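A.B. asks: The structure is given below, and queries will be raised subsequently.
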Amino acid sequence: MMTDPIADMLTRIRNGAGARKASVDVPWSRHKEAIARVLVEEGYLAEAAMVKEGQFPTLRLGLRYDQTRRSVISGIRRVSRPSLRVYVGSDEIPSVRRGLGVSILSTPKGILPDREARRQGVGGEVICQIW
């Protein structure tokens, strides 16, 4: 049994990018798929698709690289953990690397990047930061 599946997903992305893999596979869940969708929209992942191989569905995440084969993701950090949840209001959403990165939040309106949460005026749980 895994205690923090989101941290496992982020670690697989970090390790796959460090090893210059084309894609990584993680066990599928709706929450992970929503986080991956935000990462695709923000330009950190090339694609995210659910693949039904075997008994359980898998989320296949395509990693992005620049022209020199360096990963677009230079850092990724889990903020809210099962042992320590971090909640913020709409006016307290942290800026990542002075706006060069993105905080991903779980809000009442769904999983949103920090800019969209500020625009809609909602706060929530800070899931992770990526830059």
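A.B. asks: Do we find that Ser103 is under 13 Å from the mean Cα position of the chain (by Cα) and either of a type in the set (Phe, Trp, Tyr) or within 14 Å of Glu42 (Cα to Cα) (or both) in this structure?
C.D. replies: Here the answer is yes, as Ser103 does meet what is asked.
A.B. asks: If a residue must be of a type in the set (A, V, I, L, M, F, W, C), over 13 Å from Ala34 (Cβ atoms) and open to solvent by less than 20 Å² (accessible area, probe 1.4 Å), how many such residues does the stretch 94-121 contain?
C.D. replies: Adding up the residues that qualify gives 3.
A.B. asks: Answer yes or no as to whether Gln129 is among the polar types (S, T, N, Q) and either open to solvent by 100 Å² or more (accessible area, probe 1.4 Å) or within 20 Å of Ile6 (Cα to Cα) (or both).
C.D. replies: yes
A.B. asks: Check Ser80 against each of (1) exposed (fewer than 15 other Cβ atoms within 10 Å of the Cβ); (2) part of a loop (DSSP other than H, G, I, E, B) and name the one condition it does not meet.
C.D. replies: Ser80 satisfies all of (1) exposed (fewer than 15 other Cβ atoms within 10 Å of the Cβ); (2) part of a loop (DSSP other than H, G, I, E, B) except (1).
A.B. asks: Being more than 25 Å from Thr3 (Cα to Cα) and in contact with a strand residue (DSSP E or B) (Cβ under 8 Å, 6 or more places away or on another chain) is the requirement here; does Ile93 meet it?
C.D. replies: Considered against the rule, which asks whether it is more than 25 Å from Thr3 (Cα to Cα) and in contact with a strand residue (DSSP E or B) (Cβ under 8 Å, 6 or more places away or on another chain), Ile93 comes out as yes.
A.B. asks: Against the definition (on the phi < 0 side of the Ramachandran plot, within 14 Å of the chain's Cα centre (by Cα) and open to solvent by 40 Å² or more (accessible area, probe 1.4 Å)), how does Arg85 come out, yes or no?
C.D. replies: It is false that Arg85 is on the phi < 0 side of the Ramachandran plot, within 14 Å of the chain's Cα centre (by Cα) and open to solvent by 40 Å² or more (accessible area, probe 1.4 Å).
The values are calculated or read from the model by the stated rules, or taken from the named source; none is laboratory data. The model shown is predicted, which means the values in this text are computed figures rather than measured ones. Here Cβ is always computed from backbone atoms with ideal geometry, including for glycine, and neighbour counts include all displayed protein chains. Accessible surface areas use protein heavy atoms only, side chains included; no ligands, DNA or RNA. Shrake-Rupley method; radii C 1.70, N 1.55, O 1.52, S 1.80 Å.
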